1. Between the helical axis of 247-262 and the dominant principal axis of the chain, each derived from Cα atoms, what acute angle in degrees is found, rounded to the nearest 10?
2. Tell me, what is the FRET efficiency for K184 and D298 to the nearest 0.05, using R0 = 41 angstrom and their Cβ-Cβ distance as r?
3. Identify, among S265, A347, F366, the residue whose Cα sits farthest towards the positive end of the charge dipole of the chain, taking +1 on the Cβ of Lys and Arg and -1 on the Cβ of Asp and Glu, with the dipole about the Cα centre.
4. Taking the beta-carbon count within 10 Å as an exposure proxy, list T175, T278 from fewest neighbours to most.
5. How far, in nm, would the chain grow between A106 and Y351 when pulled straight, counting 0.36 nm per residue and subtracting the alpha carbon separation?
6. Given the convex hull over the Cα atoms of the range 143-237, what projected area results after averaging over all orientations, in nm²?
7. For the range 91-237, what is the charge dipole size about the Cα centre, in debye to the nearest 20, if Lys and Arg each add +1 at the Cβ and Asp and Glu each add -1 at the Cβ?
8. Only loop residues by DSSP count here, and only those with at most 14 other Cβ atoms within 10 Å; note down the trypsin sites (Lys or Arg not before Pro) in the range 61-124 that meet that.
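Every read-out reported here was derived from the displayed coordinates using simple, explicitly stated rules and does not represent laboratory data. As the structure is a computational prediction, the values presented were derived from the model and not from experiment. Backbone-built Cβ (ideal geometry, glycine too); neighbour counts: all protein chains shown.
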Amino acid sequence: MAYSVRKLTDFSAPSLDAASSELASALSQASAGIQSEAEFKIFRDYWMGRKGGVLTHLNDLWLKASPGPNKRDVGQRVNELKKKVEQAVESTLARIQTGESAGKLAAESLDITLPGIRRPIGAEHPVIKTMNEIVRVFRNLGYSIEEGPEIETDFYNFESLNFPPNHPARDTQDTIFIAGQDSKPQRDRLLLRTHTSPVQIRTMQKMKPPVRVVCPGKVHRNDAADATHSPVFHQVEGLAVDTNITFCDLKGTVDHAMKALFGSSVKTRFYPSFFPFTEPSADVQISCIFCDGKGVRDGGPCRNCKASGWIELLGCGMVDPNVYGFVDYDAAKISGFAFGMGVERIAILKYGVDDIQLFYHGDVRFLEQFS
Ligand code: DAH
């Protein structure tokens, strides 16, 4: 700020005019150079500060110093200059305030007026969705949920389920064994569980009857992948043990579950079968949901049920008394039923999927149809 108020000796009008315009041009030059609030404060104090400000000097060096006859004229000019200074200070402040907020906005990295980033919400995988649906049907009947490990011992996967070592029933479940287990006793050797049935044993080991559980989970078999097989798939197991549980309870429960899953017009049929851990055992068939059990569709044989009108869906039976021997249950006092179903198989039927592999490819175009 180079300007400072000149001491006047000549108080004539032309001299005052010259001194006033000198001040005015210094003022506008100084105002134009102000860029920040800090600079503004210095500017304001320089021109208007009570002690040593330009206006104070004007008062002292011009007005007070002027001789009597010039006082009126000088007073008027000093007042005008005062107004000019006040206006300049005011407008300078206004300019840097709006300028600063605009500058701040421009420098801001966050524009809160922009729409947010939408994160697409994923959907349940159709296999998990179906598994949850099956579990829900049984939860509504008062069943609780149990889970077990996917890496099992031979004991839980086979022996305690009444598959003795070397029994041919083991051949029905082509098993993936963990390598390097040969030094262990056979019952301790590890394998990938071939079914969820070992969770029955684990549950009965930790709970006394009454037991009502469903056990959802992943299982593994050494099967080649094709349209109906996958080496990894899912099952839901069920177990109910109490006093006086009969085959009628099993039939009623399974029939209800199938109607809940496929619609109330679906019929069930129990077909004699064999599982080592149930006696008697049955395969459950439901009336074909594609041809309404008629076996014919669109004037030809129904492909889905091979014209039989029935589709096989799950295995079940009354828990074999031998199994109770492995878990310290008294087979003379209690009885129970068990069932096991493949989740993918049910999903395939419910959604009309023609290749099980579609569930595992992770192709969003397939998966989003179930969202
Ligand atoms: N675990 C059998 C399998 O994977 C299915 C099964 C059949 C489970 C009968 C059961 C049952 O609980 O009672 O082939």
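1. 40 degrees
2. On the way: r = 57 Å, r/R0 = 1.38.
So, using R0 = 41 Å, E works out to roughly 0.15.
3. F366
4. Working: T175 17, T278 25.
Placing the least packed residue first, the sequence is T175, T278.
5. Gain in length upon complete extension: 82.8 nm.
6. Working: hull surface 27.0 nm².
The Cα convex hull of the range 143-237, projected and averaged over all directions, gives 6.7 nm².
7. Numbers: 18 positive and 18 negative charges, 109 e Å.
Dipole about the Cα centre, nearest 20: 520 debye.
8. Working: sites: K64, K71, R72, R77, K82, K83, K84, R95, K104, R118; in loops: R118.
Within the range 61-124, the qualifying trypsin sites (Lys or Arg not before Pro) (loop, at most 14 other Cβ atoms within 10 Å) are R118.
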